[in-house]
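No lab work stands behind these numbers, since they all come straight from the coordinates. Since we're looking at a predicted model, the values are computed, not measured. Neighbour counts run over all protein chains shown; Cβ positions are idealised from the backbone, glycine included.
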Amino acid sequence: MIYTIFYAKDMREAWMKSCNNNVKTIDKSGYEEITIIDAKSLSDVFKLMNVVDGDELPTQLMVRSLSVGDIVVEANGKASLCAPMGWTKVEFK
């Protein structure tokens, strides 16, 4: 499946939103598109977008690892917010 990765511009604000279970809509203007990847699942996206030994995709792209508060959008437009534990479905406008 194809996923588009968006990183929060303000990590503190994004982290606070990710801890709020009532958040349903996220404003796209607070995020920057980082890359498009092919992965099997959101769990695989998380693994691919995190740095362990320096050879991973974030190192190649010269960006930080995917973190709580970042957004992953499936090819069908369904968006998921990286939460402290798992993922939260959101509208990403």
So how do Cys82, Cys19 line up by other beta-carbon neighbours within 10 Å, fewest first?
Cys19, Cys82
For the pairs Lys24/Lys78; Lys9/Lys40; Lys17/Lys40; Lys28/Lys89; Lys9/Lys78; Lys17/Lys47, flag any whose C-alpha to C-alpha distance is greater than 19 Å.
Lys9/Lys40; Lys17/Lys40; Lys9/Lys78; Lys17/Lys47
Using a Gaussian network model of the chain whose springs link C-alpha atoms within less than 10 Å, name the residue from Val68, Val45, Val23 with the highest mean-square fluctuation.
Val23
Among (i) 13, 26, 27, 21, 10, 2; (ii) 18, 52, 25, 5, 0; (iii) 17, 55, 26, 2, which one is P(r) over Cα pairs in 10 Å bins from 0, in percent computed from these coordinates?
(iii)
List every residue whose amide H lies under 5 Å from the amide H of Tyr31, counting only residues 5 or more places away in sequence or on a different chain, with H placed 1.01 Å from N in the peptide plane.
Lys9
Can you work out ³J(HN,Hα) from phi for every residue in the stretch 12-23, in order, using Karplus 6.51 cos²θ - 1.76 cosθ + 1.60 and θ = phi - 60°, giving whole Hz and x for Gly and Pro?
5, 4, 5, 4, 5, 5, 5, 8, 9, 5, 8, 5
What's the magnitude of the charge dipole for the chain around its Cα centre, counting Lys and Arg as +1 and Asp and Glu as -1 at the beta-carbon? Answer in Debye, nearest 20.
400
